[in-house]
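Report on the following structure.
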Amino acid sequence: MTKLRVLVVEDSLTVRRRLCDVLGADAGIEIVGEAEDGKQAIELTRELRPDIITMDMMLPVMSGLAATEYIMAHHPTPILIVSSSVNRGELFKTYEALAAGAVDVLEKPWGEGEDGAWERRFIGTVKLVARIRVITHPRARLAGLHAPRPDDRVGAVAASRPCEIVAIGASTGGPGALVEVLRGLSPQFTLPVLIVLHINEPFGIAFADWLDGQTPRRVAYARDGEAIEQASGRVLMAPPGYHLVVRGRRLHLTEEPERHSCRPSVDVLFESAAAMFGGSVAACLLTGMGRDGAAGMLAVHRAGGVTIAQDEATSTVYGMPREAVLLGAAERILPIGEIGPALTALEPAPHGGSHA
């Protein structure tokens, strides 16, 4: 049996030994190298070509973020961030690394943990992340994005379907995809945009603040009872641990049971939006693992709304969009760069005019 080859990047010797001990206890895993700073991580990645890298963010010589950006631009390798950083500045670096191509993030172990739950989760996540196909992902690509004009094909189809609200779901690979979609919206776009993103806790607490700084659009976590009309031109996200529901033209946050082991759940948002707005909702399902959002997108499609799924070529993980496509729920399948312009074309033209 071919073993999974892992490079462990961690500056703390104690934590590094713990990670290596857990990984080494699995018969299907081989630790091919250890690095204690970002520069070593790059050198060993180039030399050893591991199947997966576990990457700390706070490293000497070169940070985990800088190492991630370089590796994804020059030696694309699945990266699992293993971090204990939960203050605002360090969380922002984690989001930057995810946007630069890192696949997922997991908290560092605290104490020994008698039940072995963290160890099982770590091993399972490493094996899952290692299977993901990653591509060359230069960080400068995100920084240099400009909103493209909708082309005739996208605009002509979309302009005839004006909407009142946009709902977006994303998971693995979602941070970078959301940045690209929001930057692709017209500066004049005024429809409310509601977002559910799956991100491991406790790393989701500042994501809305980070996303707010990545685009000209105002981004915040939704507040319970907030009126839809107050969300015009804004991007509102489901807070960690709460479903985001549209009901009675207001936003509601609930702690109802998880869907697909997720809370917030994309299905919950999409289904409530379909029930509230019918054919006037646009649902967009971006890159992500699993099937959350597919059934909800089908509900939007059956209600007459617009449904868009990200295509396989530009998805970090073609899981959630694929499930929607298999259900026949996705009216359009678009590369990530075309989704923002397609959504822009859905806004009703002012004074009864038409989109150019």
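We did not get these values from a lab; they are worked out from the coordinates using the rules stated. Quick caveat: nothing in here was measured; it's all calculated off a predicted structure. Don't worry about glycine lacking a Cβ; one is built from the backbone with ideal geometry, like all the others, and counts go over all protein chains shown.
Here are some notes:
- Proximal lysines relative to Lys3, as straight alpha-carbon distance under 18 Å, when same-chain residues fewer than 8 apart are discounted: Lys127
- A helix-only calculation puts the chain at -10000 deg cm²/dmol for mean residue ellipticity at 222 nm, using -39500 (n - 2.57) for each DSSP H run of at least four residues, averaged over all residues.
- Per-residue HN-Hα couplings for the stretch 73-78 [Karplus 6.51, -1.76, 1.60; θ = phi - 60°; Hz; x = Gly/Pro]: 7, 10, 9, x, 9, x
- Ranked by how many other beta carbons lie within 10 Å on average, peptides 44-55, 202-213, 168-179 from highest: 168-179, 44-55, 202-213
- For the chain, the longest principal axis of the C-alpha atoms and the axis of helix 13-24 are separated by about 80°.
- Within the chain: Cβ-based charge dipole about Cα centre, in debye rounded to nearest 20 (Lys, Arg +1; Asp, Glu -1): 800
- The fewest-to-most ranking of Asp292, Asp115 by surrounding Cβ atoms within 10 Å reads Asp115, Asp292.
- Under 19 Å from the Cα of Lys93 - lysines, other chains or at least 8 residues apart: Lys39, Lys108
- More than 31 angstrom apart: percent of Cα pairs within the chain: 33
- Shape class for the stretch 145-352: rounded, because the ratio a/c of the largest to smallest gyration tensor axis (alpha-carbon atoms, square roots of eigenvalues) is under 1.5.
- Gain in span if fully extended, Met62 to Ala27, counting 0.36 nm per residue against the direct Cα distance: 9.4 nm
- Potential lengthening between Ala73 and Val15 on full extension [0.36 nm per residue; Cα-Cα distance subtracted]: 18.1 nm
- Among residues other than Leu13 with Cβ under 13 Å from its Cβ, the summed charge is -4 (Lys and Arg +1, Asp and Glu -1).
- By the count of other C-beta atoms within 10 Å, a proxy for reagent exposure, Met320, Met237 are ordered fewest to most as Met237, Met320.
- Fewest-first ranking of His75, His198, using other Cβ atoms within 10 Å as the exposure measure: His75, His198
- Cα→Cβ-extended label distance, 7 Å offset, between Glu258 and Glu312, nm: 2.9
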